[in-house]
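Everything below concerns the one structure shown next.
The values are calculated or read from the model by the stated rules, or taken from the named source; none is laboratory data. In this text the structure is predicted, and so the values were computed from the model without any measurement. Positions of Cβ are backbone-derived with ideal geometry, glycine not excepted, and every protein chain shown enters the neighbour counts.
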Amino acid sequence: MGTVYDIYVQHAMTQFNTVQIRVPYETVNNSAGNAGEHALRVGEYAPIHDQAQYPTVANKSLSPPSYRGTIHKIIIAFSMYTNGAKVLNTRQGSGALTCVNGIRFLSLSWVIWGHTYAFIVFFVDNLVPVYQDLTKRWTMQVLLQGTFSVDTFFVLSGLLVTYLTLREMKKGSGRFRINWGLYYFHRFWRLTPPYMLVLMVYAVTTKYWATGPLWPEQGAMDQFCNETWWTNLIYVNNFVQMDKMCMGWSWYLSNDMQFYVVSPLILIPLFWHIVAGGAMLLYFLLASLIYTGLMCSIHNFGPGLATQSDQLTYFDLVYIKPYARIGPYLMGMVVGYVLYLTECKPKMNKMIALGGWVVATACALAVVYGVYDVYQGHPLSNDVGAFYNTMSRTVWGACVGWVIYACCTGYGGFVNTLLSWGAFVPLGRLTYCAYLIHPIIMFVVYSVRERLIFVTDVSATYFFFGHMVMTYGCAFVVSMVFEAPMMGLEKAILNRDKSV
């Protein structure tokens, strides 16, 4: 109904009531002066009915108030025409943090690449030779260290929450500055509807999708969704009944929500005084590092997930626990605060900028390739392994934070040009739904086969690109049907034009 209303009513009224004032695009683009030159426009889309060279300026006086009322906005929220145009729009404002979408897409590509190999192990005919080959090739070290891709998302989350919330607090008034109830409601409303839709389809309907020798009788890979789905709903599945986790990859969402919940403990003092906020942030960071170091020392955990002899214990105690994974999120908060404080206009010597790139690159390479010898049969000592596990994710978060900071402030060079490519804009908007869906795509592709897979580089590459295409295609459908309408409803009912 929303689509029909949009096409036959909204679009017709827009054409009738719009005065086509043809002015040079540069004039309109610069009419706001320098206000908000480097604002982070997260989740905002360009106008739908725009023209590349001559923007349309609507005469609002010709539109009756009811036409622009809440009911109209609610109906339009369910329009696939409007939602599709928003998602697929590649335009980015002159002050947007354009590198974010590129980082999102490339990070999810890294996740899908890693999961292509991780999920196929249950369906492989030549598992041992494949694993031995992967561990011996230094080029595949990026694949084996793919867990750091998730830490990149934590950096982005911490950065955007900090920057946008502090800006809202600066514009607000009163004792609390912003409505903290809406702060939490927005996050829950933003993440939960598409999450629960995918979970329901995955847990209830997959057993009817296919049959075959490799297709599980219960359908879903996880047999316990009917028992533990409620832990996903309230984002505690990384603490409660981990041995019966539904949608095992959803631990990331629980961590992200838990970081968001505790963020005001840092944001509020940080807004009023840098020392108080910095002390709180340092407290969280030190607590995380101490916990991780102790767990890894006590249990003799090796560096990273792939090298563990007891992966389940490491997964439970370290890998999915927020107090062991918050380091990159805190690094993102630091960068977000600096961008807020300087309004994204810091002056930096070019040699300092170059030095920052050199240090960040060296540290990132050390994190990814520093354990290459471990895969060659040269294990690290217990203390060195614990140190790597303790520091590696936080160091990675700092490296990613530097990339974002440099790109945002004009020191990104060709890296910013690449990450700011317009094609990444719609792909970045679909990242959340793509993350939810991609393991299900892999499960179906692997399970419908009638025999085990003989894996080669060619076949794995074929699977990877197939997963990418199918994942983003399905993500677009889920976004149109559920994610975008829910966001539109929130804006219509709560009159929220911008989101954190």
remark   = Within the range 449-463, of all residues that are assigned to a loop (DSSP other than H, G, I, E, B) and in contact with a strand residue (DSSP E or B) (Cβ under 9 Å, 6 or more places away or on another chain), the one nearest to residue 131 (Cα to Cα) is 455
inquiry  = For the range 309-321, which positions are of a type outside the set (A, V, I, L, M) and buried (at least 18 other Cβ atoms within 10 Å of the Cβ)?
reply    = 314, 315, 319, 321
query = Any idea which of 298, 326, 290, 266 is more than 28 Å from residue 380 (Cβ to Cβ) and in a helix (DSSP H, G or I)?
reply = 266
ask   = Can you tell me which residue in the range 390-443 is farthest from residue 352 (Cα to Cα), limited to those that are among the aromatic types (Phe, Trp, Tyr) and not in a helix (DSSP H, G or I)?
value = 421
request  = Filter the range 368-393 down to residues that are among the β-branched types (Val, Ile, Thr) and surrounded by 21 or more Cβ atoms within 10 Å (Cβ to Cβ) and give me whichever is nearest to residue 134 (Cα to Cα).
outcome  = 371
note = Restricted to the range 432-480 and to residues being under 18 Å from the mean Cα position of the chain (by Cα) and of a type in the set (Gly, Ala, Ser), the residue modelled with the lowest pLDDT is 479
Qualifying residues in the range 171-187 (those that are part of a helix (DSSP H, G or I) and in contact with a helix residue (DSSP H, G or I) (Cβ under 8 Å, 6 or more places away or on another chain)) - the one farthest from residue 479 (Cα to Cα) = 180
ask   = In the range 374-426, which residue that is among the aliphatic types (A, V, I, L, M) and over 25 Å from residue 348 (Cα atoms) is modelled with the highest pLDDT?
value = 391
key: Selection from the range 88-123 of residues that are modelled with pLDDT under 95, under 15 Å from residue 433 (Cα atoms) and buried (at least 20 other Cβ atoms within 10 Å of the Cβ)   = 101
ask   = What number of residues in the range 58-72 are surrounded by 13 or more Cβ atoms within 10 Å (Cβ to Cβ) and modelled with pLDDT of 80 or more?
value = 0
request  = Determine whether residue 274 is under 25 Å from the mean Cα position of the chain (by Cα) and either in the same structural domain as residue 435 (by TED's automatic domain parsing) or of a type in the set (A, V, I, L, M, F, W, C) (or both).
outcome  = no
key: Residue satisfying condition, being farther than 24 Å from residue 159 by Cα and out of contact with any Asp or Glu (no Cβ under 6 Å at 6 or more places or on another chain), within set 379, 346, 426   = 379
